[in-house]
Amino acid sequence: MASAELQGKYQKLAQEYSKLRAQNQVLKKGVVDEQANSAALKEQLKMKDQSLRKLQQEMDSLTFRNLQLAKRVELLQDELALSEPRGKKNKKSGESSSQLSQEQKSVFDEDLQKKIEENERLHIQFFEADEQHKHVEAELRSRLATLEMEAAQHQAVVDGLTRKYMETIEKLQNDKAKLEVKSQTLEKEAKECRLRTEECQLQLKNLHEDLSGRLEESLSIITEKVPFNDTKYSQYNALNVPLHNRRHQLKMRDIAGQALAFVQDLVTALLNFHTYTEQRIQIFPIDSAIDTISPLNQKFSQYLHENASYVRPLEEGMLHLFESITEDTVTVLETTVKLKTFSEHLTSYICFLRKILPYQLKSLEEECGSSLCTSALRARNLELSQDMKKMTAVFEKLQTYIGLLALPSTEPDGLLRTNYGSVLTNVGAALHGFHDVMKDISKHYNQKATIEHELPTATQKLITTNDCILSSVAALTNGAGKIASFFSNNVDYFIASLSYGPKGASDFISPRSAECMLQYKKKAAAYMKALRKVQQSLEKISKLEQEKEHWMLEAQLAKIKLEKENQRIADKLRSTSSGQALGLAQENATGVNAAGREEASAKAVLEPAHSTSLLSDVESREDLIKNHYMARIVELTSQLQLADSKSVHFYAECRALSKRLALAEKSKEALTEEMKVAGQSISRLQDELTTTKRSYEDQLSMMSDHLCSMNETLSKQREEIDTLKMSSKGNSKKNKSR
């Protein structure tokens, strides 16, 4: 790992070095180009200076010539002024001289005009040359400033790269030290791993011996006791009843209850929305109480009047779905048969929406065509028509995904299990899209209502109907938002609960197998109830037997007490009769007869008591023998049940031990391979450390040499830039002085 990191870092450094090299070459090329450009600009400056000097000389000569001509014109004007009064005195003599002066004047005027035009042309040329010179000078100055900025940027880049190189060098040195420490720790860990592997090998050997013995016993038990393994085939395993997850069922019922409440709110809001829309058609743009509405709106109102027959079944379907999810069922997509009914009701409602959508759009167009409709109201109606189309499309999308979720309970190959998660995610996205569409409808309908309330023809009936529609749209928006957030919060649980099924199987394969599984689950529940009743009856029988034994003992004690009491009474009678015979000689005959009757009665009581005691002893012995055997039978049945449960437990334990044995063998093989790889990696790391040390030192020396060469080139480039700056400054000073 350390060598891979070092190689990666070296590769990064090499890439950065190649990038810097390429940048340096580009900078060199740019400096050379700028030098060539500066030399060309210098030549251009020389040419412009020469042309400027020529023009300046021509300008000076022309100004001098102009001054001469101006002086000559002044002299001629003075001569003309002096010759005018003379010409008045001698007109005749001066006619010839005046003609000559006029001819000279005309010649002078032409010459003067030519000179003036030439002077103007030269002034224009001078001005143009001066402007061109200023423009070239400004371009050169701006170019020089950009070159200075680029040189500063290049210098900053070079400084940053040098700083980065120094930081990487320090970082590599720190990494080298860390890797050395890490290699030492790895060596220690390798030694510890060797010791652990030896211990693990001993433990594995012992476990293998122990588990092999247990495995032979368990295999013999399995071959003798288990006739058929139904978990081997997925078709048979799908019929097995899964473990009852009461928490999962309660959670699903709670979620279904929340969904039912949200659907009930949505149904109420949809009923109100369609009903108030029907009332609005009867009012606006034409009040049906005053005039007849259009046939289109009549048909639209008739269809809207039937909304309850399409909206109410949604609530009923969701209620049936909620009632089908109980604590005793298994709730997965293959067993939720009532979801198909809800999907069919949703399909019928979407057909209703498709049926009323064209009439709704035409009704909005009719509102736009009325004289009461303004441009703002027309724009809101167009937005609402688009929103109604989106609402129908969102419901169609939602019905498509719900129909796909209902397929596993009716058609086994209708939807693959791998697509359950994506379909549930798309249902959540469709619900969020429904919420967004309802927000747009609420926004645009609110704007439409405010514009209509400002109309002069707006009646109180229209205002109250619009308020009712707005309240129903707000309720729809809130309900859509709640159900969208509710589904998004529980979509992870839905996706995770799809794996709930038979042990060792991924799904129920088909709806029929799921239905059979539910029937088996009911039978298993009934069987468990019967077993529970049998257990209760057995417990009652054991309690009754105990009570019977208790009362038998009580009866025996009562018999013993009765015998003792009878004996005591007989003794007492004997003693009383003997005392009367000895002490009362004068007793009358009536007393003797009474004593005789009492003695006879006592004898009569003693004789049946003695016979009954003998019979009770025989019956008690039979009952004791019977109770003994019954208790022995109960004890043997309990021991048999305990032995069966122990054998099942032992079978499960043997299977777990065999799995642990296989895992232990796999872990043993993995540990041996890891030991081999660890030894090879340690030797490779040691070799790489030695090679990386050398290569690292070589690269550090190469990088230091390269940095020195880069510094030299940068210093040369700085000197060249400084010379360019000095030359440009000198040229600018010369231009300014000129």
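Summary of computed values
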| read-out | value |
| --- | --- |
| Fraction of accessible area attributable to carbon and sulfur, region 256-366 (%, probe 1.4 Å) | 56 |
| Over 25 Å (Cα to Cα) - which of Lys338/Lys443; Lys251/Lys522; Lys12/Lys182; Lys389/Lys482; Lys340/Lys482; Lys182/Lys676 fall in this group | Lys338/Lys443 |
| Stretchable slack from His248 to Asn627, in nm (0.36 nm times residue separation minus alpha-carbon distance) | 131.7 nm |
| Length added when fully stretched, Ile541-Thr168, from 0.36 nm per residue minus Cα-Cα | 125.4 nm |
| Solvent-accessible area of Phe262 with every protein chain in place, 1.4 Å probe, in Å² to the nearest 10 | 40 |
| At R0 = 25 Å, FRET efficiency that the Cβ-Cβ distance of Arg121 and Gln44 yields, to 0.05 | 0.50 |
| Values of log10 I(q)/I(0), in the order q = 0.11, 0.26 Å⁻¹, for region 402-494 under a Debye, Cα-only, solvent-free model | -0.50, -1.19 |
| Probe 1.4 Å - accessible area at Cys200, Å² to nearest ten | 50 |
| Efficiency of FRET between Glu131 and Arg72 - r from beta-carbon atoms, R0 41 angstrom, step 0.05 | 0.80 |
| Sites Lys559 and Met528, calculated FRET efficiency, Cβ-Cβ separation with R0 56 Å, nearest 0.05 | 0.75 |
| For Glu539, solvent-accessible area (1.4 Å; no DNA, RNA or ligand), Å² | 90 |
| Projected label distance in nm at Gln56 and Ser667, using a 7 Å step from Cα toward the beta-carbon | 10.0 |
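The values are calculated or read from the model by the stated rules, or taken from the named source; none is laboratory data. Model, not experiment: these values are computed from the prediction. In this analysis, Cβ positions are derived from the backbone assuming ideal geometry, glycine residues included, and neighbour counts consider all displayed protein chains. The area values use the complete protein model at the heavy-atom level, side chains included, leaving out ligands, DNA and RNA. Shrake-Rupley method; radii C 1.70, N 1.55, O 1.52, S 1.80 Å.
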